Amino acid sequence: MTFKQLLTTAVITSVTLTALNADELKGRGASFPGPLYKAWTSEYYAATGKKINYTPTGSGDGVKSIKKRMVDFAGSDKPLKSKKLKKAKLYMFPSVVGSIVLSYNIDGVKDGELKLSRAAIDAIFTGKVTHWDDAIISKENAGLKLPHEPITTCVRADKSGTTFNFTYFLNKINPNFKISKKPTWKAAKVVAGKSNSGVSANIQQIKNSIGYIEYSFKIKLGLPAAQIENKEGKFINPTVQSFQDGAKYATWTADNDFYAVISDPEGATSYPIVAATFILLPEEKNKENKEVTAFINWAFTSGDKAASELGYVPLPTSTKNEIRKYWEAKKIN
Amino acid sequence: MGGKLFRNFSFFSATLSFFLLIGIFAILFTYAQEALAEFGFDFLLSETWEADEDDEGGIFGGYIPIIGTLLSTLIAMTIAVPLAMGIAIFLTEVASVNIAKSVSVAIELLAAIPSIIYGMWGLFYFAPIVQSTVGGNGVGLLTAGIVLAIMIIPFMAAITRDAMNTTPHVLKESAYTMGATKFEVIKDVILPYSKGGIIGSIILALGRALGETMAVAFLIGSVMSTVKHVTDPTTSIPVLLANNFAEAEDLEMSSMYYLALILFVVSFAIISTAKFYFLGRKPK
Amino acid sequence: MNRLILNKVILVLSTLSAIIGISFLFWILATLSYKGITSITWSTFTNDLVNGGIRNLLVGQFTMAILASVIAVPIGMMAGIYLREYGHGSKLASVIRNLSDVMMSAPSIVIGVFVYAILVAGTMATQGLWHWPL
């Protein structure tokens, strides 16, 4: 029943939107920056009267839609390599940085109390460790009483940019781990949910579970999240400050359309799982592209506050200027 | 002339379901071609579902969702059929008129609740109970099956009750006057009389259970893994389709059309067998 | 007196299963109304999702239901009329009736995939249909 309803809604919305608001810009894709784009578009509407409609469906869907030119712009958490961009005739640049936290549901363990070393994270998600009181976890958590209960890992059921960025991080710890938008998980007990909200609901419901979600979902639902060992061996709490410290190490250049995955940055105070999310534009739609870049430019100038409030990290000013130069070079500013 | 137009239009409407049937089969078959050519019937036995990193290909097999669909439906039907029959008998023969009326209202209300509500209720209120009594994660095959059962009970009970209510009073009264007990009246008068309606309700419920998406998506765990224990998380065809449809391309998309085709053929086969086996011989 | 005992046993079983089934159903109804009523305020219906309401969802839901009814009700009624008035007793009518019964239990997701294939996937390439004026 409901899938049919979903599809019908999608069809009807697209029909009415195109028919009634032909001048409205349409975007779809990554759900990771969804809450922020929603805030940005409504503030932009209030400031300029221009309507932009972003539907957070998932990175894969965004890429697919923009390749088929169904929308004016797309969001994707997974950057596309230059070769692929050329083939599909697309421009790409980052819009904001977000982060992924490891949330858990263990009786008596509060927010930020659990410390997870790199070895422990690898062991949990590859299934080398199956119980919470295993030495590899408890070693770093002397003060905590971890139960002798099996670990349930909560993962995504759909293809996801969040999963791509998380597996990218896992791959940095353990090169054998395959980077994928939807890998086959080897952990002993796995439960999958659709989108960030599905995974969050599973973590809330399943005792002794752990899962990876976008930071704003942790904030919204008040879920406890672990401190994670970064590249320099320090345990870092997920905070906007530690995300900013990590984001500084991104190496973006216009030469490769800003292709870069920040995962596991340097720096003693950097939170290790930070990731940028990207905007894709079709090369030939010059008029619409200018409207999209005008919106993003507005967001770069006036949207930083909204971003920080929602738990995202605004791009560094130098990167923003690089992006503005990129627009100029492509004549879409 | 208007009469002719009316007749033609009504004829068109009536035959539409036939053309839809053919159309669905043809479209699904066409779109599944790529996967059919690549995997053939091995698709039915392969347990892997993994796309390549760039989404251009991969290995896809339907064994796990097919088994998941059949098992969750089996669990649901095993629980739901006796309970729904019990409720229907209770409503028509045991309960007083007032109780029967108020319970009927509640049941009809529940039959109208969208399945996603059952899914959410199951995840937030029922799964923790399953986890603490049977073990496992809470979400898994068993929870999905039970909630599926709860979901189709009102539906089945309401239709069965209606079917039983059509038994003429004269028949029942004459049986009672001859000294028959309630059970004998139910067994020998009501059941034979309402057999068609009851089986119809079971078939409808079966179809609903086979194709249920949202309630199961919340509860089955959506994991591509074979079930070793009844509480293990697994996946079903509708859940896999709903989770991956928006994101898939090329071969994976085709594999999903293949799965949809399998679901369609399986449910068509089960339902029409049930229908013609039980009802076919009834004179019309 | 065996049959009287059997009768009692069966009736008790039926009542019992009814109680089990019905208590589950009331449990759901109770949690739904309890959880639902406590979080419903007037603004729930007057605000869009952005502002913590569900107005746009309701509008979408009803538009969809109305659209579906507008398409389906006439066709369904005409089909019924045909079966009753014109095709009564004919072989064709009984085939159609049986097929419709089977189609009624066709899994909704299959219908969804089918419609996706002909409407969405088909038009992704051409983009034509979306620009129909409403």
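Bear in mind that the values in this text are calculations on the coordinates, not laboratory data. Everything numeric in this text was worked out from a predicted model, so none of it was measured. Ideal geometry is used to build each Cβ from the backbone, glycine not excepted, and the neighbour counts take in all protein chains shown.
Averaging the sequence gap over all C-alpha pairs within less than 8 Å and six or more residues apart, then dividing by the number of residues, gives chain A a relative contact order of 23 percent.
With θ taken as phi - 60° and the Karplus curve 6.51 cos²θ - 1.76 cosθ + 1.60 applied, the whole-hertz 3J(HN,Hα) list for the range A:246-255 is x, 5, 4, 8, 5, 10, 9, 9, 5, 4 Hz, x standing for glycine and proline. So, in Å, what gap is there between the alpha-carbon centers of the range B:156-221 and the range A:27-76? With the range B:156-221 and the range A:27-76 each reduced to a Cα centre, they are spaced 51 Å. Each of B:VAL189, B:VAL105, A:VAL101 was scored by other Cβ atoms within 10 Å of its Cβ. Arranged with the fewest first, they read B:VAL105, B:VAL189, A:VAL101. Among A:HIS131, B:HIS229, a tally of other beta-carbon atoms within 10 Å of each Cβ gives an order, fewest to most, of B:HIS229, A:HIS131.
Label sites at C:PHE45 and C:TRP27, each approximated as a point 7 angstrom past Cα along Cα to Cβ, lie 3.1 nm apart. Proximity of backbone amide H atoms, modeled 1.01 Å from N, is registered between A:ILE262 and A:ALA276 at under 5 Å, excluding neighbours fewer than 5 places apart on the same chain.
The amide H of A:TYR54, built 1.01 Å from its N in the peptide plane, has A:GLY27 as neighbours under 5 Å, considering only residues 5 or more places off or on other chains. The distance between label points at C:ILE5 and A:ALA268 comes to 8.5 nm (points 7 Å beyond Cα on the Cα→Cβ vector). With both residues required to sit in the range A:109-247, DSSP beta bridges show an antiparallel share near 25%. Dividing the mean sequence gap of close Cα pairs (under 8 Å, 6+ apart) by how many residues the range A:109-247 holds gives a relative contact order of 29 percent. Note on B:PHE25/B:ASN165: beta-carbon distance plugged into 1/(1 + (r/R0)^6) with R0 of 41 Å gives a FRET efficiency of 0.65. Using every pair of distinct Cα positions in the range B:60-279, the Kirkwood expression returns a hydrodynamic radius of 18.8 angstrom. Between B:ALA37 and A:SER302, the modelled labels are 5.4 nm apart [label points 7 Å from Cα along Cα→Cβ].
Cβ crowding within 10 Å ranks A:LYS84, B:LYS228, A:LYS67 as B:LYS228, A:LYS84, A:LYS67, fewest other Cβ atoms first.
Cross-link partners of A:LYS330 among lysines, defined as those whose alpha carbon lies under 16 angstrom from its own and excluding same-chain residues fewer than eight positions apart: A:LYS86, A:LYS89, A:LYS285, A:LYS287, A:LYS290, A:LYS320. Structure note, pairs A:LYS64/A:LYS186; A:LYS128/A:LYS207; A:LYS145/A:LYS234: Cα-Cα distances above 25 angstrom occur for A:LYS64/A:LYS186.
A simple charge model with +1 on the Cβ of Lys and Arg, -1 on the Cβ of Asp and Glu and nothing else charged puts the dipole of chain B at about 2340 debye relative to its Cα centre. Structure note, pairs A:LYS220/B:LYS228; A:LYS81/A:LYS248; A:LYS83/A:LYS181; A:LYS139/A:LYS178: Cα-Cα distances above 29 angstrom occur for A:LYS220/B:LYS228. Residues whose amide H falls under 5 Å from that of A:VAL190, counting only those 5 or more places apart or on a different chain, are A:THR153, with hydrogens built in the peptide plane.
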